[in-house]
Amino acid sequence: QVQLVESGGGLVQAGGSLRLSCAASGSIFSINAMGWHRQAPGKQRELVASITRGGSLNYADSVKGRFTISRDNAKNTVYLQMNSLKPEDTAVYYCRSFVDGRQYWGQGTQVTVSS
C-alpha cells in the first residue's frame, strides 16, 4: 500500500509564502507524475501544478510566476513553493501521485490566506 503524507499548510497573510511537501511511502517501484490540486469551498477541485519524473512542468494560469513545483526523486517527495499568496489561493491542497501505474491522493492540507 502507498501513502501520501502532506505537510506545510497553514494561515498566512496576503503576500506571504508557504511551502507544501508531500512524501510518498510504502511499496513503491516507480513514481511518474506528481502534482498538487486544490479545492476551495463550493468549487471543483482544480490542478495547481504537476511535474513528471523527467522534470516536465505544468502550472495553472492563476499561479504561474508565483508558485514553483519541484521534486526529489530519491525521497519520493514533491514540493510546492507558494509566494505572493492571495486570498483566492485559500483552499484545501491535495497531493496526487502516479505510483506504479496507479493514482493516489493525499489527505489534504488547508491553506488560508487572509487579506
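A compact table of results
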| quantity | calculated |
| --- | --- |
| HN-Hα J in Hz across segment 26-36 - Karplus 6.51, -1.76, 1.60, θ = phi - 60°, x for Gly and Pro | x, 7, 10, 9, 8, 10, 8, 6, 10, x, 10 |
| With all protein chains modelled, accessible area of R45 [1.4 Å, Å²] | 100 Å² |
| Separation in nanometres of the label points that stand 7 Å from Cα toward Cβ, at S56 and S84 | 2.7 nm |
| Sorted largest first, extent of the chain alpha carbons per principal axis (Å) | 43, 24, 23 |
| The chain, relative contact order in percent, only Cα pairs under 8 angstrom and at least six apart counted | 37 percent |
| Residues whose placed amide H lies under 5 Å from that of G16, excluding near-sequence neighbours | L85 |
| For segment 66-115, size of Cβ-based charge dipole, Lys and Arg +1, Asp and Glu -1, in debye | 80 debye |
| Förster radius 30 Å - calculated FRET efficiency between Q44 and R19, Cβ distance, rounded to 0.05 | 0.75 |
| Estimated vicinal HN-Hα couplings, Hz - segment 42-47 in sequence order (Karplus 6.51, -1.76, 1.60; Gly, Pro = x) | x, 10, 6, 5, 10, 6 |
| Dipole magnitude of the chain about its Cα centre (Cβ charges: Lys, Arg +1; Asp, Glu -1), debye to nearest 20 | 80 debye |
| For T90, distant residues with modelled amide H under 5 Å away | V113 |
| Residues with amide H under 5 Å from that of G108, placed H, sequence gap 5 or more | E6, C95 |
| Accessible area of K75 in the full protein assembly, 1.4 Å probe (Å², nearest 10) | 130 Å² |
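The values are calculated or read from the model by the stated rules, or taken from the named source; none is laboratory data. The shown structure was predicted, so the numbers you read here are calculated from the model rather than taken from an experiment. As a convention, Cβ positions derive from the backbone with ideal geometry for all residues, glycine included, and neighbour counts pool all protein chains shown. Protein only, heavy atoms only, side chains kept; ligands, DNA and RNA dropped before computing areas. Shrake-Rupley method; radii C 1.70, N 1.55, O 1.52, S 1.80 Å.
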